[in-house]
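Trainee: After the structure tokens below, expect a handful of questions from me.
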Amino acid sequence: MKLWVAALAGVSAFVLLASGQGIAQEDAAKFPSKPITFVMPVPPGGPTEIACRLISKEAEKYLQQPVVVVNKPGAALTIGTALVAKSKPDGYTIGFSGGPPLFLTPLLEKVPYDPIKDIRTILKIGEPSFGVYVRADSQFKTFKDLMTFAKQNPKKLTYGTTGTNSMGHLMMEQVAKREGVQITHIPHKGTPEVQTALLGGHVLFGSGDFNPALVEAKEIRLVMMLKEGPSSEYPGIPTLKEMYNLPYPMYISVITQKAVPDSIVKKLEDAFVKAMKEPGYVNGMKELRLSVAYRTGTDIDASVAQNHAYFFNLLKEMGALK
């Protein structure tokens, strides 16, 4: 609790508690009349962080106000998410969400927000790329090769993820259960550590985020995409959905405080939808190897609620809930 108090106090300059009385109609009509803060709950430099900076720059053209990206990483993305959840419901604080801080992390630890009651999604602007990958010189050419090895060598198939109960971990355990195999999970502090361990021969495959540059340099090879739909960036690679009909709900979405008036949310959505079509964003996403994909905020919020229930049951079954 002390950690949260300190973290939130450090950003009190732009975080205000919602008054609960809503925003006056005339204020909504004038929106936006000042800069908008875009909270990024991740460190600078990653693909999704760059994607949000790209679209924010394009959205400024239609909002006619600056969109200022502020990085507030930490606590599995929940510090930045909490800032948005506890902001004044006037539309001037928005942020990025990838999904898990809304439907997964709150099930595993106490967070200072209710993902259903405190947050609404404005829209989905894209999809990240996650996958299962091996070294380029690996004996394993396909994901089925990995499972064959696991059946013949119980517990000797090692894999790395960004942490226990991460999406990469949970889904691989579900796959192992489906296949009837025993594999050994080795958690790491981040994607760079997983990739270093793989290239150093300390794990046999990685599960989760990956660096596209390593794929293009032919240092790692993808054997399965962790996506719910086909990947235009990596055609021909089978997906988790295709092979096992398991979900991997990861979004690049823009969120705001739940009580922000519909009229303001509509203005924000319209601006970002137009920004999604700008060459600066479209070409930037191609360079990042990320998909441009639109879905309404209502659709994503329904997905969050559905996945909240799904992962509750999954974690309960695994005995991971306290």
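The values are calculated or read from the model by the stated rules, or taken from the named source; none is laboratory data. The shown structure was predicted, so the numbers you read here are calculated from the model rather than taken from an experiment. Virtual Cβ from ideal backbone geometry, glycine too; neighbours counted across all protein chains shown.
Trainee: Does Ala82 fit the bill of being assigned to a loop (DSSP other than H, G, I, E, B) and either surrounded by fewer than 19 Cβ atoms within 10 Å (Cβ to Cβ) or in the same structural domain as Ile50 (by TED's automatic domain parsing) (or both)?
Mentor: no
Trainee: Any idea which of (1) under 15 Å from the mean Cα position of the chain (by Cα); (2) modelled with pLDDT under 95 is the one Gly229 doesn't satisfy?
Mentor: (1)
Trainee: Considering only region 71-109, state which residues are of a type in the set (D, E, K, R) and touching a residue at least 40 places away in the same chain (Cβ under 8 Å).
Mentor: Lys72, Lys86, Lys88, Asp90
Trainee: Okay, moving on. Between Asp90, Asp114, which is assigned by TED's automatic domain parsing to the domain that holds Pro66, closer than 16 Å to Val304 by Cβ and not in a strand (DSSP E or B)?
Mentor: It is Asp114.
Trainee: Further question on the same structure: Exactly one condition in (1) exposed (fewer than 14 other Cβ atoms within 10 Å of the Cβ); (2) at pLDDT below 95 is false for Glu49; which is it?
Mentor: With (1) exposed (fewer than 14 other Cβ atoms within 10 Å of the Cβ); (2) at pLDDT below 95 applied to Glu49, the lone miss is (1).
Trainee: Which fully enclosed helices (runs of 4 or more DSSP H) of region 259-322 have 3 or more residues being over 19 Å from Leu102 (Cα atoms) and outside the structural domain of Ser232 (by TED's automatic domain parsing)?
Mentor: Where helices (runs of 4 or more DSSP H) fall fully within region 259-322 and carry at least 3 residues being over 19 Å from Leu102 (Cα atoms) and outside the structural domain of Ser232 (by TED's automatic domain parsing), they are 262-276, 279-288.
Trainee: For region 9-29, state whether one or more residues are modelled with pLDDT of 95 or more and part of a loop (DSSP other than H, G, I, E, B).
Mentor: Within region 9-29, none of the residues are modelled with pLDDT of 95 or more and part of a loop (DSSP other than H, G, I, E, B).
Trainee: Looking at Ala305, Ala309, Ala293, Ala259 in this structure, which one is in contact (Cβ under 8 Å) with a residue 60 or more places away in the chain and over 17 Å from the mean Cα position of the chain (by Cα)?
Mentor: Step by step, each of Ala305, Ala309, Ala293, Ala259 is checked, and only Ala259 is in contact (Cβ under 8 Å) with a residue 60 or more places away in the chain and over 17 Å from the mean Cα position of the chain (by Cα).
Trainee: Among what's in region 112-151 and is among the β-branched types (Val, Ile, Thr) and in contact with a strand residue (DSSP E or B) (Cβ under 8 Å, 6 or more places away or on another chain), pick the residue that is surrounded by the fewest Cβ atoms within 10 Å (Cβ to Cβ).
Mentor: Thr142
Trainee: Return a yes/no flag: does region 54-64 have any residue that is assigned by TED's automatic domain parsing to the domain that holds Val304, basic (Lys, Arg), touching a strand residue (DSSP E or B) at 6+ places or on another chain (Cβ under 7 Å) and in contact (Cβ under 8 Å) with a residue 60 or more places away in the chain.
Mentor: no
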